[in-house]
1. State which residue is most open to solvent (accessible area, probe 1.4 Å) when the search covers only region 52-68 and only residues that are modelled with pLDDT under 95 and polar (S, T, N, Q).
2. Which condition number in (1) modelled with pLDDT under 85; (2) over 10 Å from the mean Cα position of the chain (by Cα); (3) part of a loop (DSSP other than H, G, I, E, B) is the one that Ile6 fails?
3. What residue, among those in region 34-46 that are of a type outside the set (Gly, Ala, Ser) and either surrounded by fewer than 20 Cβ atoms within 10 Å (Cβ to Cβ) or modelled with pLDDT of 95 or more (or both), is nearest to Lys103 (Cα to Cα)?
4. What pairs can you find where one residue is in region 82-107 and of a type in the set (D, E, K, R) and modelled with pLDDT under 95, the other is part of a strand (DSSP E or B) and crowded, with 16+ Cβ neighbours inside 10 Å, and their Cβ atoms are less than 8 Å apart, with a gap of 6+ or different chains?
5. Does Leu65 meet the test of being within 15 Å of the chain's Cα centre (by Cα) and free of Cβ contacts under 8 Å to residues at least 24 places away in the same chain?
6. Return only the number of the condition from (1) open to solvent by less than 80 Å² (accessible area, probe 1.4 Å); (2) at positive phi; (3) modelled with pLDDT of 90 or more; (4) not in a strand (DSSP E or B) that Gly75 does not satisfy.
7. Looking only at region 60-116, which residues are among the acidic types (Asp, Glu) and out of contact with any strand residue (DSSP E or B) (no Cβ under 8 Å at 6 or more places or on another chain)?
Amino acid sequence: MSCTPIRSNIAHSIKQLLPRELPPSLIKRPGNLYEVLSRTSDGGVGKFVHQMRWSTKQIEGSYWLVTRSKFKCEGKHGKAWGLLYWKNKLVSPREQRIKGSLKHVWDEGPSVARKA
């Protein structure tokens, strides 16, 4: 006896309950550092993030590895700490506060060279 038809019906029912478009808080898109990190369930701990301007400046393999974060104002402000990797090399083994979190646009993953 197979459970596939039941699972299929449950999945179909759940899809009908969900909105057609995801709410803005769940859409993966660039933003300030806290907006990007607050979309994850663990506050971004263990995630790679980079400033979008690094990609437009053709700087590859540079990112922060987030070690801890604190949010306020519904995830639009806060503080974050991590380890900086610059061109795939660890800059310092000590955890540092991530600067430029509100000033620049951030995205998940390491930087990849892109045209402006």
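1. Checking each candidate, the answer is Gln58.
2. Status for Ile6: all satisfied but (3).
3. Looking only at region 34-46, we keep the residues that are of a type outside the set (Gly, Ala, Ser), and these are 34-37, 39-40, 42, 45.
From what is left, the residues that are either surrounded by fewer than 20 Cβ atoms within 10 Å (Cβ to Cβ) or modelled with pLDDT of 95 or more (or both) are 39-40, 42, 45.
Values: Arg39: 19, Thr40: 21, Asp42: 23, Val45: 21 Å.
Out of the qualifying residues, it is Arg39.
4. Listed by first residue and then by second, the contacts come to Asp107/Val49; Asp107/His50.
5. Yes; evaluated as a whole, the condition is true for this residue.
6. The number of the failed condition is (3).
7. Our first condition is that a residue be among the acidic types (Asp, Glu); within region 60-116, this holds for 60, 74, 95, 107-108.
Selection gives Glu60, Glu74.
The values are calculated or read from the model by the stated rules, or taken from the named source; none is laboratory data. Keep in mind that what you see is a predicted model, and the values were worked out from it rather than measured. Cβ atoms come from the backbone with ideal geometry, glycine included; neighbour counts cover every protein chain shown. Areas reflect the complete protein model, heavy atoms only, side chains present, ligands, DNA and RNA absent. Shrake-Rupley method; radii C 1.70, N 1.55, O 1.52, S 1.80 Å.
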